[in-house]
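Structure first, then comments.
Bear in mind these aren't lab numbers, they're just calculated from the coordinates by the rules spelled out. Here the structure is a predicted model, which is why all the values come from computation and not from measurement. Glycine also receives a Cβ, built like all others from the backbone with ideal geometry; neighbour counts cover every protein chain displayed.
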Amino acid sequence: MEKVNKNTVPESFPGQVHPVPGGDIVLTKLDDIINWARSNSLWPLTFATSCCGIEMMSVASAKYDFSRFGFEVARATPRQADVIIIAGTIVNKMAPVLKRLYDQMADPKYVIAMGACAISGGPFFYNTYSVVKGADHVIPVDVYVAGCPPRPEALLHALISLQEKIKSGMTREQIKEQPTQTLPKGGL
Amino acid sequence: MNNEELKEHINSLSFGEGWGEASGDWLCFNIEPKDWKRFAKNLRSNPELNFDYLFCVTCVDWKTHLTMVYHLTSTSYRHVIVVKAKLDRANPEIETVCDTWRTAEFHEREQYELFGVKFLNHPDLRRLILTDDFEGFPLRKDFEDPVNMIKL
């Protein structure tokens, strides 16, 4: 009898693989395997409004390389993107543009608020006529990353946290409704 | 020309009344708003000065009055001067210089929307970046916006 090569099945795979003659049988839940696939192929939108964008580009480039985790390549159109990383200050004139980009993304879609400006308006510009005090006034946010700007490692952590969130199988509305729900071990 | 020579040269033009030098890293000239247009033309066309590049137009709100600030340089001589004009806060008006330096056209539109300075004879004095229905002049010291700003 042929032995299953354990190396071909990743540890994170949500299911069991049973070796039988003539091929393996995979046992899993469809919901789990969909979430598993989604979480490992999250293409971000090319969207940056200030200095956090430079840090985001750094995360995309060779040294930090978010492709390793499935954030393969930044897309220049919202139609092909799964996650929008709000990297920078959102001003009142930008808010409708951000909303429109979010609306144009296909479901399921996710949002990461990167840095102080996207979280709360920022450490410098919050008390002005022009700045939106947090991107969550415009669109719902899944993961917040603190920093000004956050280190590339921090953004990577946020991206991995988003994956854990997706793998846990709930929408953000469901998570909000169940405040006692604990996330999987090692997640968030 | 160094700053001293530049100062002497520009003073020798003896332009109008009530203008002189102020302090600062760059050579500054305070002028009357009514003299600005002729002075500007002179700075640009004088072959020894050749101020052909207006690289910054801004405004300062001193609460008692406004000051228009123009930064000029010459791409051939590389010397820099700053020209300041004191304006009435209630009715700030000054001649446009966009026929002397084309770049002033949008620089002046910016000062128009942020400080409410009226540039006389400007060909297209509209708001530059703010929305058309924006009320008030946001960079004035007494600007209030209770929705977006907290008072400190």
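Quick look at the numbers
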quantity: Exposed GluC sites (Glu not before Pro) absent - longest run of chain A, DSSP non-H/G/I/E/B, at most 16 other C-beta within 10 Å; calculated: A:73-188
quantity: Sequence-distant lysines (8 or more away, or on other chains) whose Cα lies within less than 29 Å of A:Lys29; calculated: A:Lys3, A:Lys6, A:Lys109, A:Lys165, A:Lys167, A:Lys176, A:Lys185
quantity: Whole-Hz couplings from phi, Karplus 6.51/-1.76/1.60, listed for segment A:61-71; x for Gly and Pro; calculated: 8, 4, 5, 9, 6, 5, 4, 4, 9, x, 8
quantity: Sites excluded, trypsin sites (Lys or Arg not before Pro) in DSSP loops with at most 15 other C-beta within 10 Å, longest stretch of chain B; calculated: B:1-62
quantity: Extension gain (nm, one decimal) between B:Leu13 and B:Arg102, 0.36 nm per residue minus Cα-Cα; calculated: 29.6 nm
quantity: Label zone at A:Ser130 (point 7 Å along Cα-to-Cβ), backbone N below 14 Å, segment A:68-99; calculated: A:89-95
quantity: Lys pairs under 14 Å by Cα in chain B, provided they are eight or more residues apart or on distinct chains; calculated: 8
quantity: Per-pair calculated FRET efficiency, R0 = 51 Å: B:Lys63 and A:Ile34 via Cβ, rounded to 0.05; calculated: 0.25
quantity: Segment A:23-130: trypsin sites (Lys or Arg not before Pro) in DSSP loop, at most 16 other beta carbons within 10 Å; calculated: A:Lys29, A:Lys63, A:Lys93
quantity: At most 12 other Cβ within 10 Å, DSSP loop - chymotrypsin sites (Phe, Trp or Tyr not before Pro), segment B:31-102; calculated: B:Trp62
quantity: Taking chain B and dividing mean pair separation by its residue count, relative contact order in percent (alpha carbons under 8 Å, at least six apart); calculated: 18 percent
quantity: Zone of A:Asn92's modelled label, taken as backbone nitrogen in segment B:107-127 under 19 Å from a point 7 Å along Cα→Cβ; calculated: B:110-117, B:126-127
quantity: Kirkwood estimate for segment B:46-152, i.e. one over the average of 1/r between Cα atoms, Å; calculated: 15.1 Å
